[in-house]
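Chemist: Pasting a structure here, questions to come.
No lab work stands behind these numbers, since they all come straight from the coordinates. Owing to the predicted nature of the structure, the values given are computational and were not obtained by experimental measurement. Note: ideal-geometry Cβ built from the backbone for every residue, glycine included; neighbour counts use all protein chains shown.
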Amino acid sequence: MKQIISLIQAGIVFGTVILFGATGETLTEKSGNLNLGVPGIMYLGGIAGLIGVFFYEMNTPVPNKLVCIAIALLCAFIVSMLGGLLFSLLTITLRANQNVTGLTLTIFAGGFANFFGGSLNKLAGGVGQISVAVTSAAFRTTIPGLSNALGSIGQILFSYGFMVYLAIAIAVALAWYINNTSVGLNLRAVGENPATADAAGIHVTKYKYLATCIGAGISGLGGLYYVMDYMKGTWDSDGGIERLGWLAVALVIFSSWKPKRGIWGSYLFGVLSWLYFYLPGLTRRSMELFKMLPYLVTVIVLIVVSLRHSRDNQPPTSLGLPYFREER
Amino acid sequence: METQKSIKLVCITKTFGEVTANDAVCLEIHAGEILSLLGENGSGKTTLMNVLSGIYAPDGGNIFVNGNKVTIRSPKDAFALGIGMIHQHFKLVDVLTAAENIVLGLNENKLVDLKNVRIRVKEICDRYGFVVDPDRKVFDMSVSEKQTLEIVKVIYRGADILILDEPTAVLTPQETDKLFAVMRNMKADGKAIVIITHKLHEVMEISDRVAVLRRGKYIGDIPTGDTNPQELTDMMVGRAVSLNIDRTEPQNLTERVTVRNLTVRDIDGVKRLDNISFTAYGGEILGIAGITGSGQKELLEAIAGLQNIEPGASITYLPREGKQVELVGKTPQDIKNLGVALAFVPEDRLGMGLVGNMDVSDNMMLKSYRSGKSVFTDRKTPRELAQQVVESLEVMTPSLSTPVRRLSGGNVQKVLVGREIAGNPALLMTAYAVRGLDINTSYTIYRLLNEQKMRGTAVVYVGEDLDALLELCDRILVLCAGKVSGIVEGRTAKKEEVGLLMTHLGEGAKA
């Protein structure tokens, strides 16, 4: 029983990282932009938040927890949005190939983040490993009372920092926004058929820019959560963020572009990713097989969805295509 | 009644790179009037209307609404002035419902309020006689339903100037009649309507006034009552053109291809062709009529070797020289080498047969690059052929090295059909060869097909325009839902008879 609770908890923490990434990417893809730079954007979010609070904690004798959180969130969101802006500028205004631009962004941002991560470690001196203890602790503060009461249910539902609930809230809000508001309807139209949206008087370029930048901002929070909660406020350049970033891209497909489906999908991915750790008697070799599971599930979902031919579960029709009004 | 609207376009100029699509065009549009905009392919009709509806920005010229100069920078500006355009390729989002498509981009409320939309859509439908189900998704709709939705959408947005770009190109005769009835209702309601069409009999039937464009220039306008098809054609082309299809009596009929018990299923296992049998003779034109998607494409592709054929079928073919051969089981390449040519013009024109990013001569080469002994391809012959096609069919292109994608739709088609005919086939199959082509080019293509027929080629002509089918073809095979609904004589059959066979299985199906 304890093992199962522990697995679920690990799955939810893991899932939250990719849920941020996937929710942001879903918003971006709804506008018809396929940003394969998600891992890079998550790198940017992680490193920016870390740099921000590192300097705050270093220069303040008694750091305030709320200020720490605000600085981390703000830095992560803004720098990730800048990453999204770069992607938008290249693909929307200059009409560069989205796949190439996205992959390049991932490579660029990975190098960028690890460079500054390494520099931070050096700045921190001592053991060569930085730690923003106060902020990390703030991020990991659970709701007082609830996590210890209620027994195992409390442990499964309430033993996390606030970012877990923020991720759910953002996903639910995004689903509602896309499906119920006029702006959401317009956004879907832009991703499906920009020429139609344009003829209907929708400012296609504006929608694409906003969706891509805000989407990147949300994705970047995944990187921040990874650094502050998952890594407990340290930087580690082993490429962990990148691996999770690709899972986030897979999750968008798994959830068939539905943010709410992404919530449980992300936890499922999390549980599947950690399963190898909890199954007894696995060798190093068979462990790797179990690590494949999330990707395997995505492939199966893709196959099932394609077989069912359901038009409601398809990617936005013009996903990955540039739009130019006067193209003939 | 609101004030009578009028629109005046003065000296509109629009260029795409080196091509001048509109050259100082002036045009007036009045309320309560149906204006036909007539012109050959690439004469700039659609471009002009795209300028008016804010899709293209003009390079020069002014637009006046009720005497006031206006600037239309985007479709939104056009809506605000009451201008709405129904595009040839529908501007609808497939995965959304009718109601969602209607309110798209309007932002009337912060939240989407479909209840209110349904009520207002019903009002519009009742007023003009439309039938639209607001909760149906667009991907479930037929072409004619989509078109109705487009019109309702534009009226919902308060348009009182409606521009319809080739609205009848995709409709059956019955659907066209329905559309015209609705257009008359709208005219009576004081709306101004501009209709772009190539079909002269429709111009005569529906419009009050005709404006003619030729090669981007405005030629003139004339009340429909004061003119006739011949005069309009001459205005459009700039010289006298004969409007008769010379249908010679078929001579030396030889059995060219005989299809027996042909059944084809698609990927989902649905029968697209069901037990089709017929014979096409060299020296005649066999027309194939049917509602779009009744199996025309599959039939031609089956003969060309591009479809998986169910067992039990036979397609025997007699080349110009040599013995009868069985085509079932042969590769498309073999079939092509036996003298079977297929010119299929799909809806997007570039989907099959031509490569958009390649120029005219390279597209000619697609057919010939395998021939020749050297490792290097022969570029000279295709270029000569391209030159010849461009000249004989009057393809409007800045040069032979312009990518085909940049040409207007009609010109793209001329390149495709011209290439297939140039191959000197024994069996020439064309599908929608004149789709969207102007009258002059259409007749050029009819003439070319007739020349092929006189040379003893078996011509299979899949067409949409029943009038043209009845004038051109010696026999017409009517398809209905993948079955042969009947085979009629082109010289004696009535349009209504064919129309009926298209929608209901005739006696031919039982045989």
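Chemist: Let me know the whole percent of all Cα-Cα pairs from the range B:5-237 that are separated by more than 34 Å.
Modeler: Of all Cα-Cα distances in the range B:5-237, 13 percent exceed 34 Å.
Chemist: Same structure again: Output the peptides A:275-287, B:83-95, A:83-95, B:313-325 sorted from most to least packed, where packing is the average of other Cβ atoms within 10 Å over each peptide's residues.
Modeler: B:83-95, A:83-95, B:313-325, A:275-287
Chemist: Per residue of the range A:24-30, what does 6.51 cos²θ - 1.76 cosθ + 1.60 with θ = phi - 60° give for ³J(HN,Hα)? Whole Hz please, x for Gly and Pro, Karplus curve as stated.
Modeler: These are the phi-based 3J(HN,Hα) values: x, 5, 4, 4, 4, 5, 4 Hz.
Chemist: If you don't mind, there's one more thing I want to ask. Using amide H atoms built in the peptide plane, which far-off residues or other-chain residues are under 5 Å from residue B:39 H to H?
Modeler: Amide H to amide H, under 5 Å and 5 or more residues apart or across chains, residue B:39 pairs with B:213.
Chemist: Considering all projection directions equally, how large on average is the shadow of the alpha-carbon convex hull of chain B, in square nanometres?
Modeler: Average projection, Cα convex hull of chain B: 26.0 nm².
Chemist: While we're here: Skipping prolines and chain starts, which residues have an amide H placed within reach, meaning under 5 Å, of the one on residue B:457, given they are 5 or more residues away or on another chain?
Modeler: Residues meeting the amide H criterion: B:283.
Chemist: Mind checking the dipole of the range A:188-328: about its Cα centre, +1 per Lys or Arg Cβ, -1 per Asp or Glu Cβ, Debye to the nearest 20?
Modeler: So the dipole magnitude of the range A:188-328 works out to roughly 320 debye.
Chemist: Only counting other Cβ atoms within 10 Å, I'd like B:467, B:126 sorted with the fewest neighbours first.
Modeler: By the 10 Å Cβ count, ascending, the order reads B:126, B:467.
Chemist: Now for a separate question. Stretched out fully, how many nm does the piece from residue B:306 to residue B:246 gain, at 0.36 nm a residue minus the Cα gap? Intermediate results must be reported in sequence, preceding the final value.
Modeler: Working: separation 60, 0.36 × 60 = 21.60 nm, distance 3.30 nm.
Roughly 18.3 nm would be gained on extension.
Chemist: Oh, and also: Does a label point 7 Å from the Cα of residue B:70, set along Cα-to-beta-carbon, have any residues of the range B:153-177 with amide nitrogen under 15 Å, and which are they?
Modeler: B:155, B:157-163
Chemist: Let me ask another. Using only alpha carbon positions, build the gyration tensor of chain A, then give the equivalent ellipsoid semi-axes as the square roots of 5 times its eigenvalues, largest first, whole angstrom. Each step should come with its number before you reach the end.
Modeler: On the way: eigenvalues 208, 122, 71 Å².
Working through the eigenvalues yields semi-axes of 32, 25, 19 Å.
Chemist: To continue, here is another question. Fewest to most neighbouring Cβ within 10 Å: what's the order for B:11, B:473, A:68, A:213?
Modeler: Least crowded to most crowded, the residues run B:11, A:213, A:68, B:473.
Chemist: Classify the range A:216-328 as rounded, prolate or oblate, taking a ≥ b ≥ c as the square roots of the eigenvalues of its Cα gyration tensor: rounded when a/c is under 1.5, otherwise prolate if a/b is larger than b/c and oblate if not.
Modeler: Taking the square roots of the gyration eigenvalues as a ≥ b ≥ c, the range A:216-328 is oblate.
Chemist: Determine the shielding of peptide B:107-117 by partner chains: average, over its residues, the number of Cβ atoms on other chains within 10 angstrom of each Cβ.
Modeler: Mean shielding by partner chains, rounded to a whole number: 3.
Chemist: For the range B:347-423, state the average projected area of the convex hull of the C-alpha atoms over all orientations, rounded to one decimal in nm².
Modeler: Working: hull surface 19.5 nm².
Average projection, Cα convex hull of the range B:347-423: 4.9 nm².
Chemist: Continuing with this model, one more query. Which whole-number percent is the relative contact order of the range B:5-237 (Cα, under 8 Å, 6+ apart)?
Modeler: 29 percent
Chemist: Taking θ = phi - 60°, what integer Hz values does the Karplus form 6.51 cos²θ - 1.76 cosθ + 1.60 yield along the range B:312-329, in sequence order, with x for Gly and Pro?
Modeler: Those phi angles translate into x, 8, 9, 10, 9, 9, 10, x, 4, 10, x, 9, 4, 10, 8, 8, 4, x Hz.
Chemist: Taking a threshold of 21 Å on the Cα-Cα distance, which of the pairs A:208/B:69; B:115/B:178; B:199/B:414; B:122/B:153; B:137/B:297; A:30/B:91 fall above it?
Modeler: The answer is A:208/B:69; B:115/B:178; B:137/B:297.
Chemist: Using a 7 Å offset from Cα along Cα-Cβ at residue B:6, what residues in the range B:50-64 end up with backbone N under 15 Å from the label point?
Modeler: Hits in the range B:50-64 for residue B:6 at 15 Å: B:64.
Chemist: If each Cα of the range A:154-242 is one equal point scatterer, what is log10 of I(q)/I(0) from the Debye formula at q = 0.11, 0.12, 0.21 Å⁻¹?
Modeler: -0.47, -0.54, -1.01
Chemist: Next up: R0 = 22 Å: FRET efficiency of residue B:254 with residue B:471, Cβ-based, nearest 0.05? Can you show the working numbers first?
Modeler: Numbers: r = 24 Å, r/R0 = 1.10.
Once the sixth-power term is evaluated, E becomes 0.35.
Chemist: Tell me, what is a quarter of the convex hull surface for the C-alpha atoms of the protein assembly as shown, in nm² with one decimal?
Modeler: Numbers: hull surface 178.2 nm².
Taking a quarter of the hull surface, the average projection is 44.5 nm².
Chemist: Evaluate the distance, in nm, between pseudo-label points positioned 7 Å from the Cα of residue A:243 and of residue B:267 along their respective Cα→Cβ axes.
Modeler: 3.6 nm
Chemist: Give me the extension gain from residue A:291 to residue A:70: residue separation times 0.36 nm, minus the current Cα-Cα distance, reported in nm with one decimal.
Modeler: Values: separation 221, 0.36 × 221 = 79.56 nm, distance 3.47 nm.
Gain on extension, residue A:291 to residue A:70, equals 76.1 nm.
Chemist: If you don't mind, there's one more thing I want to ask. Taking the number of other C-beta atoms within 10 Å as the exposure measure, put A:176, A:246, A:274 in order starting with the fewest.
Modeler: Starting with the residue having the fewest Cβ neighbours, the order is A:176, A:246, A:274.
Chemist: Quick one: Karplus J couplings for the range A:43-53, per residue in order, coefficients 6.51, -1.76, 1.60, θ = phi - 60°, nearest Hz, x for Gly and Pro?
Modeler: Each residue of the range A:43-53 in turn: 4, 4, x, x, 5, 5, x, 5, 4, x, 6 Hz.
Chemist: Per DSSP H run of n ≥ 4, the term is -39500 (n - 2.57); total these for the protein assembly as shown, divide by its residue number, and report the mean residue ellipticity at 222 nm rounded to 500 deg cm²/dmol. Please list the in-between numbers first.
Modeler: Working: 30 runs with 397 residues, N = 839.
Dividing the helical sum by the residues of the protein assembly as shown leaves -15000 deg cm²/dmol.
Chemist: About the Cα centre of the protein assembly as shown, what is the dipole size in debye to 20, counting +1 per Lys and Arg Cβ and -1 per Asp and Glu Cβ, all else neutral?
Modeler: Numbers: 82 positive and 78 negative charges, 445 e Å.
It comes to approximately 2140 debye.
Chemist: Spin-label point model (7 Å from Cα, Cβ direction): what's the residue A:157 to residue A:306 distance in nm?
Modeler: 4.1 nm
Chemist: Could you tell me the calculated FRET efficiency between residue B:355 and residue B:119, based on Cβ-Cβ distance and R0 = 35 angstrom, to the nearest 0.05?
Modeler: 0.10
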